[in-house]
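Notes follow once the structure below has been shown.
What follows draws every value from the coordinates through simple rules; no lab data is involved. Computed from a predicted structure; not experimentally measured. All Cβ positions, even for glycine, are placed from backbone atoms using ideal geometry, and neighbour counts span all protein chains on display.
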Amino acid sequence: MPTPDRDMPAPAPRTLFDKIWDAHVVTRREDGQSLLYVDRHLVQDGSAPGFEMLRQRGLPVRRPDLAFATPDHYVPTGSRRLADIADPEKRAMAEALEQDSAAAGIRFFGIDDPRQGIVHVVGPEQGLSLPGSVIVCGDSHTATHGALGALAFGIGASEVAHVLATQTLWRVRPGTLRVQIDGRLAEGVSAKDIILAVIARIGAAGGVGQVIEYAGEAIRALPMAGRMTVCNMSIEAGARAGMIAPDDVTFEWLAGRPEAPSGPAWDAAVARWRQLPSDDGASFDREVRLQAEDIAPMVTWGNSPEDALPISGRVPLPSDASTPERRESMQRTMSYMGLRPGQPLSELAIDRVFIGSCTNGRIEDMRSAAAVARGRRVAEGVEAWVVPGSGLVKQQAEAEGLDAIFLAAGFQWRHAGCSMCLGTNGDQVAPGQRCASTSNRNFVGRQGPGSRTHLMSPAMAAAAAVTGRLTDVRRLLSAPH
Amino acid sequence: MEAFTRIDAVAVPLARANVDTDQIVPALYLQKPRSDNFGDYLFHDVRHDAEGRRRADFILNEPVYAKARILVAGANFGCGSSREHAVWALYDGGIRAVIAPSFGDIFHTNALKNGLLPVRLPEAEVRRLLGELLANPGMHLQVDLEAQTVGSANAPALHFEVDAFARLCLLGGLDEIDFTLGQRDAIEAFEQRAATAHAA
């Protein structure tokens, strides 16, 4: 044990982000970029272009043992047969992942494996995503894994190829933003409402160039699923990543998962992970605070996740816009979304409901939606889907009888995949249809050309399903069925 | 991809903030091979009406911008999905530089890997450029990567910052994967250090 040197200054307090970053710098370049080592590369069926780039260069995959693959974007959710993907090009994407994984020796959960699912659900579920690690994936919602106390971020196809070839990435050290949520959430308010409130506050570009650490009593009180929901949508605030310090909630959740360390290695890992939380006095480039009691169930009205309001709100007035560009943008949005300025959000009748996605496709999300659906019926004319985030989430929900609740209420109970979040597999919202969705993006055309998306929590989406309109779920929680 | 040095070309003003990559290329085209002309998919759903006709009210459809090679846009351009196809669509559509006050981080990185130069300028300067371009359809801008400047007829050239390594890659002198493979010793040493630390 070295004795502390009196003449040495005390090490500066560091953030969770600083500690993970510093531990992963392989080398630095003259221009200030750092070469970061990647502990875990998650791969899905959109990754074919990255493998193709590698093939064109004739390069092998450097560390197939650190990669993991499962198809999610193109898989059908009405069956478990790739042959049911009608479009041959889409089918080829799902097939290419299996071939590329086999050729490289990458672990692969195929569509016939009950452990298949959305890669951002499966990674944590299998214990592949661990505290203190650097995790990347060719998908922008990779920040999800930051909920375990990891530095996790999405990359494009060229960088997928770079990671496959070198197990590293060049990065400029980003800034840091701490988002602190003090206090306790009210009944009927969830993690999704927290993150929508955060994005509404700081804006869709509020975190550009920064990594967000979510902290505070309301974050500490969230179960892992809720923490993943919060971190998942960091990209919707423009942030490079989102993360939450690992604690006993994290360790209890991770213990015993197939790929997590076990035995003495587990104890050693937990001891290391307990050093990860930001030190007292660590400084962030920016801090934002919200009070949990001020957060109500949120819904989005527009085509950016920053267009989020409490369900009691009204569609804003373009005449109140701060700039002419903003006014024009709001008018364009109203026209696309079929809205009138000043219209109460709770007046909006819906056609579709989508409960699922890497944001809200976990067992806790299924339970929360089922609690609202129990003993009620999907409103006339509404088509409502529940798409579990993984085969194991589906199994667990069925063991708890949640599928029976949804089916009795008139919901469709489907197989795991990204599904209607972005419709790459053909699960789409028709032009002009209004969808209450637990996914992450309400962009123009996101759920299909002409689709009108309103983002909300699973409980709020279930409430919309049974009432046929955007509804404050708190009314249903207190009311008899 | 061709080496980038200096372009003097028509610039199209897209005075919108938060242009996401779902708009730049809809998910419907993500399974298409890179050999396709992704320019055909550029802004597909905002550019066309429900019947597939080009909308007269979308600025990229105006004939004067058919040969535009520079796009000037509002803040947070390229936010959202990590799809590199968004960069391919702009590139295949003829665009070589996008000027905006800020970019989605993943889009910004993807652009630099594909010969598309993302130029960050202060919001006030972008606003002025947008105003000038809207008042003078078909106006040229000059983007010079060697000098790191954006020029226009009526104002002094504006300096922009660009990562030095990415600049060399764009100028045609370096390939990033080859460069990193040259760091093999450092990567192996890191792996050995990490293995020792975790075994302790």
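In table form, for the structure just shown:
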| item | result |
| --- | --- |
| Viscosity 1.306 mPa s, 10 °C: Kirkwood-radius Stokes-Einstein D of chain B over Cα pairs, µm²/s | 88 |
| Cα-based shape type of the stretch A:394-481, given that a ≥ b ≥ c are square roots of the gyration tensor eigenvalues and the cut on a/c is 1.5 | oblate |
| Partner chain coverage, peptide B:19-26 - average Cβ within 10 angstrom | 5 |
| About the Cα centre, charge dipole magnitude for the stretch A:124-248 (Lys/Arg +1, Asp/Glu -1 at Cβ), debye | 320 |
| Proximal charge balance of B:Asp8 [Cβ under 13 Å; K/R count +1, D/E count -1] | +3 |
| Convex hull of the stretch B:1-58 built on C-alpha atoms - directionally averaged projected area, nm² | 5.8 |
| Test item: Cα-centred dipole of chain B, Lys/Arg +1 and Asp/Glu -1 on Cβ, debye | 380 |
| Top positive-direction residue, dipole computed over the protein assembly as shown with Cβ charges, set A:Gln99, A:Pro223, A:Ala399 | A:Ala399 |
| For the stretch A:16-288: Kirkwood Rh in Å [reciprocal of mean 1/r, alpha carbons] | 19.2 |
| For the stretch A:256-268, Karplus couplings with θ = phi - 60° (6.51, -1.76, 1.60), whole Hz, Gly/Pro x | x, 6, x, 9, 6, x, 9, x, x, 5, 5, 4, 5 |
| D_trans [Stokes-Einstein, Kirkwood Rh over alpha-carbon pairs] for the stretch B:1-112, 37 °C, 0.692 mPa s, µm² s⁻¹ | 231 |
| Anchor B:Lys67: aspartates and glutamates whose Cα lies under 13 Å away (excluding residues fewer than 8 positions away in-chain) | B:Asp8, B:Asp92 |
| Simple label model, 7 Å out from Cα along Cβ direction - B:Thr149 to B:Leu168, nm | 2.5 |
| Spin-label proximity, A:Arg469 to the stretch A:331-362 - amide N less than 14 Å from point 7 Å beyond Cα toward beta carbon | A:340, A:343-351 |
| Potential lengthening between A:Ala408 and A:Ala102 on full extension [0.36 nm per residue; Cα-Cα distance subtracted] | 106.0 nm |
| Positive-pole candidate from A:Pro388, A:Gly426, A:Phe354, dipole of the stretch A:297-478, charges at beta carbon | A:Phe354 |
| Fraction in percent of alpha-carbon pairs per bin - 5 Å, the stretch A:225-369 | 2, 7, 11, 15, 15, 15, 12, 8, 6, 5, 3, 1, 0 |
| Averaged over A:163-175, number of beta-carbon atoms from partner chains that fall within 10 Å | 3 |
| Ascending count of other beta-carbon atoms within 10 Å, so fewest first, for A:Cys137, A:Cys358, A:Cys418 | A:Cys358, A:Cys137, A:Cys418 |
| Residue (of A:Val75, A:Leu276, A:Val179) at the positive-pole extreme of the stretch A:16-288, dipole from beta-carbon charges | A:Leu276 |
| Using alpha carbons only: equivalent-ellipsoid semi-axes of the stretch A:291-397, gyration tensor based, whole Å | 31, 16, 14 |
| Packing-based exposure ordering (other Cβ within 10 Å, fewest first) of A:Thr144, B:Thr21, A:Thr333 | A:Thr333, B:Thr21, A:Thr144 |
| Shielding by partners, peptide A:20-33 (average Cβ within 10 angstrom, other chains) | 3 |
| Sparsely packed GluC sites (Glu not before Pro) within the stretch A:363-469, loop by DSSP, other Cβ within 10 Å at most 16 | A:Glu380, A:Glu400 |
| Computed Rg/Rh of the stretch A:41-168, alpha carbon atoms with Kirkwood Rh | 0.95 |
| Overall dimensions of the stretch A:132-191 by Cα: Rg and Dmax, Å | 15.4, 49 |
| Environment charge of A:Ser457, counting only residues whose C-beta is closer than 12 Å and scoring Lys/Arg +1, Asp/Glu -1 | -2 |
| Magnitude of the charge dipole, the protein assembly as shown, Cβ model with Lys/Arg +1 and Asp/Glu -1, debye to 20 | 940 |
| P(r) of the stretch A:297-478 over all Cα-Cα pairs, binned every 10 Å from zero, in whole percent | 11, 40, 34, 12, 3, 0 |
| Loop trypsin sites (Lys or Arg not before Pro), the stretch A:232-335, which have at most 16 other Cβ atoms in a 10 Å radius of their Cβ (DSSP) | A:Arg274 |
| Semi-axes of the equivalent ellipsoid for chain A, Cα gyration tensor, largest first, Å | 35, 27, 22 |
| Total formal charge among the other residues, if their Cβ is under 12 angstrom from that of A:Val75, Lys/Arg +1 and Asp/Glu -1 | -3 |
| Candidate aspartates and glutamates for bridging to A:Lys19, where Cα separation is under 18 Å - those fewer than 8 sequence places away on the same chain excluded | A:Asp39, A:Glu213, A:Asp247, A:Asp279, A:Asp280, A:Asp285, B:Glu191 |
| Alpha carbon convex hull of the stretch B:59-127, volume per residue in cubic angstrom | 83 |
